[in-house]
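Just below is one structure, and these are the notes that go with it.
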Amino acid sequence: MTKITAAITGVSGYVPDYILTNKELETMVDTNDEWITTRTGIKERHILKGEGLGTSYMAVKAVQDLLKKTNTKAEEIDLLICATTTPDMVFPATANLITAEIGAVNSFGYDIQAACSGFIFALATGAQFIETGKYKKVVVVGGDKMSSIIDYTDRATCIIFGDGAGAVMLEPNTEGYGVLDSILKADGTGAAYLHQKAGGSRKPATIETVQAREHYVYQEGTTVFKFAVKGMADVSAEIMERNNLTADDVAWLVPHQANKRIIDATAARMNVGPEKVMLNIQKYGNTTSGTIPLCLWDYENQLHKGDNLIISAFGGGFTWGALYVKWAYDPK
Ligand code: UT7
């Protein structure tokens, strides 16, 4: 029987209009453009403003454009998986809100929460439904409105994160293109270093939790940084070795955009030069589940059929992993 793989047949993205620059952050907390640029590589990030707009607002924009680009009717979608850490509501799943909004009446959907690794976990999961032959069109969307859980008085976190969403279409392929391998990992002991203290079932919202500012991202940055450098570099090297790929064989590294120094360390470990590394952290910051599809969106015109991509991420949980993807189409 011919092997079916899940090819990425289109990509799209959306970032909100408002741009929060390092200069503006200088007026909000004790920081400066030079510190932010040298420590993280970030210059600006986009922020979703407006009453009542959540992650689904950005995801819907990305998916609607994806449908247009891939000439797909909403009714044709079989499944939509949404990776997010900032769902519109605790329930129902943001995926359900997206499918309703775009009119994907024949699709079911659910969310995957794996913090900054959410998109690769969702992509690997969506690919399985294609590989089994069960579904023909699976949309994987990753997005986060990080500004909804960021403390803009905490200079250690507010400089890093931004809002945005990106989406890909997965379809069956029998010529060997698409998601060819994945390594996904998790270690819950890492939860201590990166989490949100209140708002979950362990500590529901109260006046006290709000006053104690416990509904924001809590991060022990230096510890997370150390684990991220090792985790992302190790897993990227591992997936290359396991697929007999040398640095020459790799066309692109598609790294989660958390800190340029983590990205540089991963590329160095893979022996891949900067010209092969997708980078847009300078303009979006860390959009959590959005970073990887936003990279693919920004670089789509430079991708060619047959390009070997190593996609890797590290995030809260801890969660991390890498995917080996053979790109399925030339620039259109
Ligand atoms: O995507 C999910 C996973 N998250 C990550 O991968 C993030 C990983 N961590 C990081 O990217 C980095 O740890 C940060 C960017 C968060 C922080 O960079 P760092 O080089 O680890 O800085 P640090 O926390 O060790 O702080 C160094 C100094 C401190 O001052 P002292 O104690 O040396 O006087 C901080 O108070 O820098 C100070 N600092 C700042 N200074 C100016 C911390 N934040 C700022 C700031 N502006 N925004």
- Note on the structure: Dividing the helical contributions, -39500 (n - 2.57) per DSSP H run of n ≥ 4, by the residues of the chain yields a 222 nm value, nearest 500 deg cm²/dmol, of -9000 deg cm²/dmol
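Which peptide among 78-87, 23-32, 3-12 comes first, and what is the full order, when sorted by highest mean count of other Cβ atoms within 10 Å? It would help to have the intermediate numbers written out before the result.
Details: 78-87: 26.0, 23-32: 13.0, 3-12: 22.2.
Going from most to least packed, we get 78-87, 3-12, 23-32.
Report the extension gain between D181 and I19 in nm, rounded to one decimal, defined as 0.36 nm multiplied by the number of residues separating them, less their alpha carbon distance. Numbers along the way, then the final one.
On the way: separation 162, 0.36 × 162 = 58.32 nm, distance 3.63 nm.
Gain in length upon complete extension: 54.7 nm.
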- Task: Mind giving me the nanometre distance, one decimal, between the label points for K230 and D248, set 7 Å out from Cα along Cα→Cβ?
- Result: 3.3
- Given Cβ charges of +1 for Lys and Arg and -1 for Asp and Glu, the option among Q257, T287, G221 whose Cα lies farthest towards the positive end of the dipole of segment 158-315 is G221
- Task: Give the shape of the chain as rounded, prolate or oblate, defined through the alpha-carbon gyration tensor: a ≥ b ≥ c are the square roots of its eigenvalues, a/c under 1.5 means rounded, and otherwise the shape is prolate if a/b is larger than b/c and oblate if not.
- Result: oblate
- Item | Residues of type lysines that K326 reaches as a straight line, Cα spacing below 22 Å, ignoring anything fewer than 8 places off in the same chain | K3, K69, K134, K136, K137, K185, K276, K305
- Message: I need the calculated FRET efficiency for the pair K3 and K49, taking r as the beta carbon distance and R₀ as 41 Å, to the nearest 0.05.
- Response: 0.30
- Item | Nitroxide proxy distance, nm - points 7 Å out along Cα→Cβ at Q302 and V210 | 4.6
- Item | Relative contact order (%) - segment 5-178, alpha-carbon pairs under 8 angstrom, separation at least six | 35
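Return the FRET efficiency for the residue pair Q128, D30: r is the Cβ-Cβ distance, R0 is 41 Å, and the value is rounded to the nearest 0.05.
Numbers: r = 47 Å, r/R0 = 1.15.
Calculated value: 0.30.
Using a/c under 1.5 as the rounded threshold, could you call segment 180-326 rounded, prolate or oblate? The axes a ≥ b ≥ c are square roots of the C-alpha gyration tensor eigenvalues, and prolate needs a/b larger than b/c, oblate otherwise.
Because a/c hits 1.5 or more and a/b exceeds b/c, segment 180-326 counts as prolate.
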- Task: Give the peptides 234-246, 205-217 in descending order of average Cβ contacts within 10 Å, highest first.
- Result: 234-246, 205-217
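Tell me, in nm to one decimal, what length is gained between T153 and T38 on full extension, where the rule is 0.36 nm per residue of separation less the Cα-Cα distance?
Working: separation 115, 0.36 × 115 = 41.40 nm, distance 2.08 nm.
Extending this stretch completely gives an extra 39.3 nm.
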- Determine the gain in length on full extension of the stretch D264-R202; use 0.36 nm per residue of separation and subtract their C-alpha separation, reporting nm with one decimal. 18.6 nm
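How high is the relative contact order of the chain, in percent, counting Cα pairs under 8 Å that sit 6 or more residues apart? Please report the intermediate quantities before stating the final value.
On the way: 829 pairs, mean separation 84.4, N = 332.
25 percent.
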- Query: Between segment 116-187 and segment 48-84, how many Å separate their Cα centres?
  - Reply: 13
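Of the beta bridges DSSP finds with both residues in the chain, what % are antiparallel, to the nearest 5?
Numbers: 41 of 57 bridges.
Here the antiparallel bridges make up roughly 70 percent for the chain.
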- Based on the mean of other Cβ atoms within 10 Å per residue, sort peptides 95-103, 251-259 so the most packed one is first. 251-259, 95-103
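Coordinate-derived values only; no laboratory data. Owing to the predicted nature of the structure, the values given are computational and were not obtained by experimental measurement. Every residue, glycine among them, receives a Cβ derived from its backbone with ideal geometry; neighbour counts consider all protein chains shown.
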